[in-house]
1. Find the residue count for region 244-274, including only residues that are assigned to a strand (DSSP E or B), farther than 13 Å from ALA316 by Cα, open to solvent by less than 50 Å² (accessible area, probe 1.4 Å) and of a type outside the set (A, V, I, L, M).
2. Given the options THR63, THR73, THR84, name the one that is in a strand (DSSP E or B) and surrounded by fewer than 17 Cβ atoms within 10 Å (Cβ to Cβ).
3. How about region 156-214: which of its residues are farther than 18 Å from LEU232 by Cβ and in a strand (DSSP E or B)?
4. When both residues are 6+ apart or on different chains and their Cβ atoms are under 8 Å apart, which pairs have a first residue that lies in region 149-171 and is in contact (Cβ under 8 Å) with a residue 40 or more places away in the chain, and a second that is of a type in the set (Asp, Glu) and in a loop (DSSP other than H, G, I, E, B)?
5. Which of the residues belonging to region 182-200 are in contact with a helix residue (DSSP H, G or I) (Cβ under 8 Å, 6 or more places away or on another chain), at pLDDT 80 or above and either open to solvent by 50 Å² or more (accessible area, probe 1.4 Å) or aromatic (Phe, Trp, Tyr) (or both)?
6. Quick check: anything in region 132-152 in contact with a helix residue (DSSP H, G or I) (Cβ under 7 Å, 6 or more places away or on another chain), assigned to a loop (DSSP other than H, G, I, E, B) and not β-branched (Val, Ile, Thr)?
7. Out of PHE150, PHE138, PHE102, report the one residue that is over 25 Å from MET334 (Cα atoms) and open to solvent by 20 Å² or more (accessible area, probe 1.4 Å).
8. Test GLY30 against the stated conditions and say whether it is open to solvent by less than 30 Å² (accessible area, probe 1.4 Å) and either free of Cβ contacts under 8 Å to residues at least 24 places away in the same chain or not in a loop (DSSP other than H, G, I, E, B) (or both).
Amino acid sequence: ATINLWDLSNVAVAPTPVDGTTGYSVVYDGSPSDPAAVTNGRIAYTPPEAISPGIKVQPETYTQGGPSGLTLTGCIMTSNPGATCTSEFQSGKRIKQQLTGFGPMDLVFGVDASSTDTSTYQVFGRLINATSKSLAGFVLQLGFGVGNDFVEATAADGLAFSTAFRAQPSGSGSSSTQYPFGLFGSAASNDNFQLDGFFASERTGFSTVQSLTSLVSDAFYGPYGTMFGPWLNQGAVPNGVFWDFDNNPATDALLMAWETAPGVWELRRDLGQTCDTTDPLVCTPGTTLANYVPGLSFDEVVALLGGDTSVLAIAAIEDLANLNLNYAILLGDMKGAAAFTLRTIALPAQVPLPMTALLLLGGLGMLPMVSRRRRRELA
């Protein structure tokens, strides 16, 4: 069987907005026209990187892990009109799946079951905690139907999470999660970066427990849980000072400092460039300070970064709410099914935070008054 489309029967789709503005396809547990239908999530898209409806099924034959590796039939990715499954790094492939509630979010995909061959689709996933709470993790399930009619698949249905897929980072097995590299990761282990992650050089995310038709988060690996407690929502992440080094809104600005308490900042990076030690012509903007500078006022941060407020801005460090997912879906003959469902459930954090996390969160000043400041230009 092959996947041929994202079925929008339970989705309220908005048109593509103007460039730089985010649009949403809101996912319901039934028909969007039903007044009783409930939503627990939505797909976000911001042109020109992605357009409405926010997800596309891309047919593309490619091999993972060399000639003897897994041959993929295609991928499920964001609806980026200029990108395919094998487009270069940072070409914009991850689906922006915002979890807004704690019930199921059901994405339905149409299937052409005329072929008896198996097919495997890589999923470029990103779960964004847009709920009102911190999360303990997530559950993914494969099955059929939406809302109360959902039935999880069985071994007889020809639908499963692939065990032959090799997730990143290397050694993760057939599925993995990780918070974005710009915040956590070692440049020495990644050819695409010259700077280590802002918070730590160690990767971090949830370990996963994968079965035939479910993918469930387990405990944290790496430093995220120790530093921030459960998975922060968008309204609770701290603010940062970002440097628009190329004065181009289409490219990501570089995080330079963060607000550790209301009005108190820590500088971790400086202006300039970091170059590859083996190839001095390969450079990236910014340098990491050998010793961080805590306890600064906002004006002191600006002064230490050259005082040019035209290229500096305060914004929430939103990637602390964004979890990247790497996995693939295997389809067999599907018994003639016309569609299947990929269900996502957000798991709210139910247990009290460890005392160390409570103390740190208090130090971060994660108050609604502070964290709701999404972005402001520096005056």
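The values are calculated or read from the model by the stated rules, or taken from the named source; none is laboratory data. Note that the structure is a prediction, hence the values are computed from the model and not measured. We place every Cβ from the backbone using ideal geometry, glycine too, and count neighbours over all the protein chains shown. Areas reflect the complete protein model, heavy atoms only, side chains present, ligands, DNA and RNA absent. Shrake-Rupley method; radii C 1.70, N 1.55, O 1.52, S 1.80 Å.
1. 6
2. Details: THR73 fails: surrounded by fewer than 17 Cβ atoms within 10 Å (Cβ to Cβ); THR84 fails: in a strand (DSSP E or B).
Result: THR63 is the single residue among THR63, THR73, THR84 that is in a strand (DSSP E or B) and surrounded by fewer than 17 Cβ atoms within 10 Å (Cβ to Cβ).
3. LEU159, ALA160, PHE161, SER176, SER207, THR208, VAL209, GLN210, SER214
4. Final answer for the pair search is GLY158/ASP333.
5. Listed by number, the residues that qualify are PHE184, ASP196, PHE199.
6. Step one: list which residues in region 132-152 are in contact with a helix residue (DSSP H, G or I) (Cβ under 7 Å, 6 or more places away or on another chain), which gives none.
Within region 132-152, not a single residue is in contact with a helix residue (DSSP H, G or I) (Cβ under 7 Å, 6 or more places away or on another chain), assigned to a loop (DSSP other than H, G, I, E, B) and not β-branched (Val, Ile, Thr).
7. Numbers: PHE150 fails: over 25 Å from MET334 (Cα atoms); PHE138 fails: open to solvent by 20 Å² or more (accessible area, probe 1.4 Å).
Sole residue among the options that is over 25 Å from MET334 (Cα atoms) and open to solvent by 20 Å² or more (accessible area, probe 1.4 Å): PHE102.
8. Numbers: open to solvent by less than 30 Å² (accessible area, probe 1.4 Å): yes; either free of Cβ contacts under 8 Å to residues at least 24 places away in the same chain or not in a loop (DSSP other than H, G, I, E, B) (or both): no.
Criteria not met by GLY30.
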